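Here's the structure we're looking at; comments come further down.
The values are calculated or read from the model by the stated rules, or taken from the named source; none is laboratory data. Everything quoted here is computed from the prediction, not taken from an experiment. No Cβ is skipped: glycine too gets one built from the backbone with ideal geometry, and neighbour counts run over all protein chains shown.
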Amino acid sequence: MKDILQIARSHVVSAIRERITLFWFLIFPVFLLVILALIFGQVGEEGEITFQIALANQDAVSSSFASAMIESAFVEVSSSAAPGKEPLFRLRRPGPGEDIEAFIEAQLLAVRRGRLAALIILDAGSGESLTTDAPSEAAPAVEVHYSEGNAASGMAVSIIDQILAGIDRGMLTQAGAFDPGASIPTHKAYVGSAEDEAPYVDFLLPGIVVMGFFMNGLFGIPGAILFARDQRVLRRYWVTPLTVPRFLAGISLGHLALCILQFALVFVVGRFALGATVNFASLSAALVLLLAAATFMAFGFLIASVSKTANSGMAIANILNMPMMFLSGLFFPIAGLPGFLRVIVHVNPVSYLADNLRASLEVGAATYAPLVSILVPVAWILVSSAVAAWRLKWDVGR
């Protein structure tokens, strides 16, 4: 047992002493947690998200009630905000004497390039068409241009639609044509509230924990084995009573110790510096974390088994790192990914472990069935262990 503990101690001390290893295993997860939480943590809170929109009024009858009402409504929304809060919209309008057609072209380009959430155009004659009984097939009086692939643009358009619906109701009321009795009776019941929704930091923290375990296994395990083999350190081990299973036990124990250190550091920063409220003190969460550590440890053995040198092992780890990390839902939901990318998601063990951990912490609903979230990582453990046992070479001369 003493030799196993010495190997484990050596693995942990080597990881902490190496500055590059220390940065990627301990500092980087904390750094990424803080940066993402500070940038995206306030999205969705009142007064903390502002959409850039533009409005162009082409209505020749500039004094018409309808066009003036629409324009004033958006001006009011873009200028009113609670003390210390940003307004919902930042509104661009043509300046005095500015060519309105050139303004529209410039704003359409800004929408296309993602610099503007939406462009609202009040077409010529909109004042008359909005206040008369125009036929249903008539051209729309208000055009709203947005970018379909931009999430912020879609959110802004939803809000714009609500504002326009409110203006439409107001104009019908002014004209005496609004019939409240004709409205469909609706019963509204709250299922949860905004206060019950998990903040982004609660969603992010489990993902960062899994990411730390992933990077520890992806780089730490192959590095410990391959560099020791290339430098002929393992050859010295084999002339001692130390056996391969006991060496692997020591590396595994050291890997678990590094995972615990990572988890403690990330949890302390997330809980006490960023205000995360997730509670990891449950048996289900502990079992998922243990499964994650074992999965990525086996994955590290797999990389070591297919690499001829330490440099090639690090190259393979770097190639796999980004796709597996970002196509797993660690940092953001991935429901809208294209089909060919979702194939990677469905074979990626990181996806299932992150989803399983969040479900065990009650941070959103699980995407995958609980049994599938366990079977896929276990399958990776079995396959990786089998390949490693078959191909892993313990000496440069073998």
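Yes/no matrix, rows are residues, columns are (1) surrounded by fewer than 22 Cβ atoms within 10 Å (Cβ to Cβ); (2) polar (S, T, N, Q); (3) under 22 Å from the mean Cα position of the chain (by Cα); (4) farther than 16 Å from Arg229 by Cβ:
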{"residue": "Ala292", "(1), (2), (3), (4)": "no, no, yes, yes"}
{"residue": "Phe301", "(1), (2), (3), (4)": "no, no, no, no"}
{"residue": "Ser307", "(1), (2), (3), (4)": "no, yes, no, no"}
{"residue": "Met314", "(1), (2), (3), (4)": "yes, no, no, no"}
{"residue": "Ile319", "(1), (2), (3), (4)": "yes, no, yes, yes"}
{"residue": "Met322", "(1), (2), (3), (4)": "yes, no, yes, yes"}
{"residue": "Phe331", "(1), (2), (3), (4)": "yes, no, yes, yes"}
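Listed here are the helices (runs of 4 or more DSSP H) enclosed by segment 263-373 that have at least 1 residues being basic (Lys, Arg): 339-347, 349-360. Among the residues examined, Ala56 qualifies as in the same structural domain as Ser158 (by TED's automatic domain parsing), modelled with pLDDT of 75 or more, outside any helix (DSSP H, G or I) and under 27 Å from Arg169 (Cα atoms).
I'd like to verify a number: residues in segment 108-124 that are part of a helix (DSSP H, G or I) and either touching a helix residue (DSSP H, G or I) at 6+ places or on another chain (Cβ under 6 Å) or closer than 16 Å to Phe89 by Cα (or both), how many?
2
Of all residues in segment 367-392, those satisfying the criterion of being over 19 Å from Met324 (Cα atoms) and of a type in the set (Gly, Ala, Ser) are Ala369, Ser385, Ala386, Ala388, Ala389.
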